[in-house]
Amino acid sequence: MLSHTAKKRLEQLPTLSIAGKRINGLFNLMKCDLLWEAALMRVTRNKGAMTPGVDGLTFKGFDPERLSQLQARVFRGDWRPAPVRRVHIPKANGKTRPLGIPTVDDRLVQDVVRSLLERIYEPVFSEHSHGFRAGYSCHTALDHIQDVWTGMKWFVDVDVVGFFDNIDHDILLELLRKRIDDERFIDLIRQMLKAGYVEDWTLHPTFSGTPQGGVVSPILANIYLHELDMFMAEMRAKFDKGKQRAVPPQYSRYTALIQHRWKRIHRLRLTGKGDDPAVKTAFEEIAELRKKRDLLPAKDPLDPNFRRLRYCRYADDFLIGIIGSKTEAREVMAEVRIFLATRLELEMSAEKSKIVKASEGGRFLGYDVKTYTAKRRLRVTTRGGRRYSARSPADILQLQVPWEKVERFCVAKQYGDWSRLEARFRPALLNRSDAEIIMTYNAEIRGFAAYYGLAGDVKKKLNKLSLIWETSLGRTLANKHKRSVSKIFHRYLHRVGRDKVLRYEVKGQSRYVKVWRLSAFTPRAVPSPEIDDPPDTTLFTKPLKSVVGRETLARCDRCGARHLDCEQHEVRYLSWLSRLPATSLMPAHRTPKRIFVCPACLTDLRQTRSEQLTTPVT
């Protein structure tokens, strides 16, 4: 297919989808080389690009010829997706999550399919869906809740039992046919869903679900739950009632009495009786009436003629907010349970799904979500410059950091004993360079703090953690250099203003790395979507080569040429490494005799070594 024709067709997909037309010709559109080239660039840039599937192959050495062969197999109908390799990754609660790793070829095909589905469905997805979408994240969902959900009385916390494992394939394909009129394209997706998985060398068929870890799985999950989004939009339209809450009669009575006294004061002043004792008495009565009125709510919080329903979803986690009675919250929860069971064949967990009072709070995306009413008056200035005091709004929604999350993070990173406020050094980091140790500690706490940057109490909750964290860092450096913690912080680390700085040199130039500090942390309104993922500190904790050492790789020690891609080459073959204990293996890897060589010299050295190993000894 010609590039300009394909581009024009791809640009038309969102418009056709918004117009509600069923789209055909998608399988033929897959023949566009632009889609495959873009998919190859995206998949190879992914962190898991070098993770093998069941065939053991990675993207190393993936060439254009292999890509052309894959395309030909797909369009001839010879391609069949291989079963995914299932692994289990730990969850924060101590349990594990099954992760499916497709083969390299299957990842490419899935990414091409995903790119087409994205163009069709992204324009019509709900604004309340925040998971696995460009420009959306956990923080956009939480920020929406914080801005819009003020005044909530009840939270309906819904938990779906094993969502990704229980997606009904027939229902999903039926939903796809609502917008796609191309059976060859839909059959391609059906094959991906039915590929099965391999665990412990045993092939297991898949009759339902979509594997977590697949490239196309996130958008298929969003397509499946888009029906729930539409159902909640319809329910909200029927549930919402009234423009504003009614004013309580007693509050209105006090307001009328205050206005009556103000009118009396104005009459007396107009007639020149501003010094009359009645004016002073009226002011005293106004002050007393205001005190009594301030004890009452300005609006009726239980007004039966005012109701609101709010909804927010991130993947299969969704929260419903209700302004109304608890009975109405129960009715909403029952309707959602029936819809999930009858339309999507999903089960709501009876144990984890619950209705909670908004003032007591619920848990959503790792935050505590709750409402509060501040007992203070605000100074308000109008556009005309008039200033007056007013009470703060009632039932303001606030995001908070759960204490158990902070404690669990402290324990998981091995900073020390949380309950006893006792920091410990980390033996696993003693073989790292000083810069890497500080970078590791910085990355961990910076990622945690940035994720909880929307919470109103983030600095309060991080105060204790930062104390244990900094002491643990000092003890790790002190244990490595056999010095006291005080000497590490006062002599070894330099002071630049209020920052503690470690200085080191690279190619004769001075570099430095700062130690993170809580006082310099500024919570952001809506942080970047990238920080939804926990920070990857394997760059500092598991490399076989030093981070500082990698920065010095700029000149080849063999030919003398300057090259930015120089690599470290071990001069002697270190077969004795395999006989070392685990505690000595990492230091030996990082400190063998080595030289820095350019790619050409590295190839030559490897070829020479290969010839030496294969030449028989005479």
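The values are calculated or read from the model by the stated rules, or taken from the named source; none is laboratory data. Only a predicted model underlies this, so the values are computations on that prediction, with no experimental measurement involved. No Cβ is skipped: glycine too gets one built from the backbone with ideal geometry, and neighbour counts run over all protein chains shown. Please note that ligands, DNA and RNA were not included when accessible areas were found on the heavy atoms of the full protein model with its side chains. Shrake-Rupley method; radii C 1.70, N 1.55, O 1.52, S 1.80 Å.
Collect the residues in segment 225-267 that are over 22 Å from Ala341 (Cα atoms), open to solvent by less than 60 Å² (accessible area, probe 1.4 Å) and of a type in the set (A, V, I, L, M, F, W, C), keeping them in residue-number order.
Ala246, Ala256, Leu257, Ile258, Ile265 - these are the residues of segment 225-267 that are over 22 Å from Ala341 (Cα atoms), open to solvent by less than 60 Å² (accessible area, probe 1.4 Å) and of a type in the set (A, V, I, L, M, F, W, C).
Gly214 passes all but one of (1) in contact with a strand residue (DSSP E or B) (Cβ under 9 Å, 6 or more places away or on another chain); (2) under 30 Å from Glu335 (Cβ atoms); (3) touching a residue at least 60 places away in the same chain (Cβ under 8 Å); which number fails?
In the conditions (1) in contact with a strand residue (DSSP E or B) (Cβ under 9 Å, 6 or more places away or on another chain); (2) under 30 Å from Glu335 (Cβ atoms); (3) touching a residue at least 60 places away in the same chain (Cβ under 8 Å), Gly214 misses (2) alone.
Take the residues in segment 270-286 that are among the acidic types (Asp, Glu) and within 18 Å of His260 (Cβ to Cβ); name whichever of them is most open to solvent (accessible area, probe 1.4 Å). Lay out the reasoning, then the answer.
Pass one, segment 270-286, residues among the acidic types (Asp, Glu): 275-276, 284-285.
Restricting the remaining residues to those that are within 18 Å of His260 (Cβ to Cβ) gives 276, 284-285.
Numbers: Asp276: 58, Glu284: 107, Glu285: 62 Å².
Among them, the one singled out is Glu284.
Which of the numbered conditions does Arg42 fail, given that it passes all the others? Conditions: (1) charged (D, E, K, R); (2) in contact (Cβ under 8 Å) with a residue 60 or more places away in the chain; (3) over 26 Å from Arg190 (Cβ atoms).
Condition not satisfied by Arg42: (3).
Has segment 492-509 got at least one residue that is assigned to a helix (DSSP H, G or I) and either open to solvent by 20 Å² or more (accessible area, probe 1.4 Å) or basic (Lys, Arg) (or both)?
yes
Does segment 441-460 contain at least one residue that is in contact with a Ser or Thr (Cβ under 8 Å, 6 or more places away or on another chain), open to solvent by 50 Å² or more (accessible area, probe 1.4 Å) and part of a loop (DSSP other than H, G, I, E, B)?
no
Is segment 181-201 home to any residue that is of a type in the set (D, E, K, R) and crowded, with 18+ Cβ neighbours inside 10 Å?
Within segment 181-201 (the criterion being of a type in the set (D, E, K, R) and crowded, with 18+ Cβ neighbours inside 10 Å), the answer is yes, since at least one residue qualifies.
Quickly run through segment 510-524 and pick out the residues that are within 17 Å of Asn442 (Cα to Cα) and in a strand (DSSP E or B).
Within segment 510-524, Arg511, Tyr512, Val513, Lys514 meet the criteria.
Table: residues versus (1) β-branched (Val, Ile, Thr); (2) open to solvent by less than 40 Å² (accessible area, probe 1.4 Å).
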site: Glu288; (1), (2): no, no
site: Lys291; (1), (2): no, no
site: Leu295; (1), (2): no, no
site: Asn305; (1), (2): no, no
site: Tyr311; (1), (2): no, yes
site: Tyr314; (1), (2): no, no
site: Asp317; (1), (2): no, no
site: Ile322; (1), (2): yes, yes
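Quick check on Ser68: is it assigned to a helix (DSSP H, G or I), touching a residue at least 60 places away in the same chain (Cβ under 8 Å) and hydroxyl-bearing (Ser, Thr, Tyr)?
Considered against the rule, which asks whether it is assigned to a helix (DSSP H, G or I), touching a residue at least 60 places away in the same chain (Cβ under 8 Å) and hydroxyl-bearing (Ser, Thr, Tyr), Ser68 comes out as no.
Among the residues of segment 22-51, count how many are modelled with pLDDT of 80 or more and either over 31 Å from the mean Cα position of the chain (by Cα) or open to solvent by less than 40 Å² (accessible area, probe 1.4 Å) (or both).
Count: 17.
Where the second residue is of a type in the set (D, E, K, R) and modelled with pLDDT of 90 or more and the first is over 9 Å from Tyr314 (Cα atoms) and lies in segment 123-143, which pairs have Cβ atoms under 6 Å and are six or more apart or on separate chains?
Ser126/Asp229
Keeping to segment 10-54, report how many residues are within 20 Å of Arg66 (Cα to Cα) and either touching a Gly at 6+ places or on another chain (Cβ under 6 Å) or not in a helix (DSSP H, G or I) (or both).
Total satisfying the criteria: 11.
Could you check how many residues of segment 226-257 are touching a residue at least 60 places away in the same chain (Cβ under 8 Å) and either under 20 Å from Arg330 (Cα atoms) or not charged (D, E, K, R) (or both)?
Number of matching residues: 15.
Every residue, every condition in (1) aliphatic (A, V, I, L, M); (2) touching an Asp or Glu at 6+ places or on another chain (Cβ under 7 Å), yes or no:
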| position | (1), (2) |
| --- | --- |
| Phe163 | no, yes |
| Ile167 | yes, no |
| Leu193 | yes, no |
| Pro205 | no, no |
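Cβ contacts < 6 Å: first residue touching a residue at least 40 places away in the same chain (Cβ under 8 Å), restricted to segment 281-309; second residue in a helix (DSSP H, G or I) and charged (D, E, K, R), any location; separation 6+ or different chain. Result?
Note: pairs meeting the criteria are Leu309/Arg236.
Is it the case that segment 164-174 has a residue that's buried (at least 19 other Cβ atoms within 10 Å of the Cβ) and touching a His at 6+ places or on another chain (Cβ under 8 Å)?
No, segment 164-174 has no match at all.
Anything in segment 106-123 that is in contact with a Lys or Arg (Cβ under 8 Å, 6 or more places away or on another chain) and open to solvent by 20 Å² or more (accessible area, probe 1.4 Å)? List them, or say none.
Matches in segment 106-123: Glu122 only.
Do you know which residues across segment 423-433 are of a type in the set (D, E, K, R) and surrounded by fewer than 19 Cβ atoms within 10 Å (Cβ to Cβ)? Before the answer, list the steps.
Taking segment 423-433 as the starting set, the residues that turn out to be of a type in the set (D, E, K, R) are 424, 426, 432.
Answer for segment 423-433, where residues must be of a type in the set (D, E, K, R) and surrounded by fewer than 19 Cβ atoms within 10 Å (Cβ to Cβ): just Arg424.
Report whether or not Ser126 is out of contact with any Gly (no Cβ under 7 Å at 6 or more places or on another chain), open to solvent by less than 40 Å² (accessible area, probe 1.4 Å) and among the polar types (S, T, N, Q).
yes
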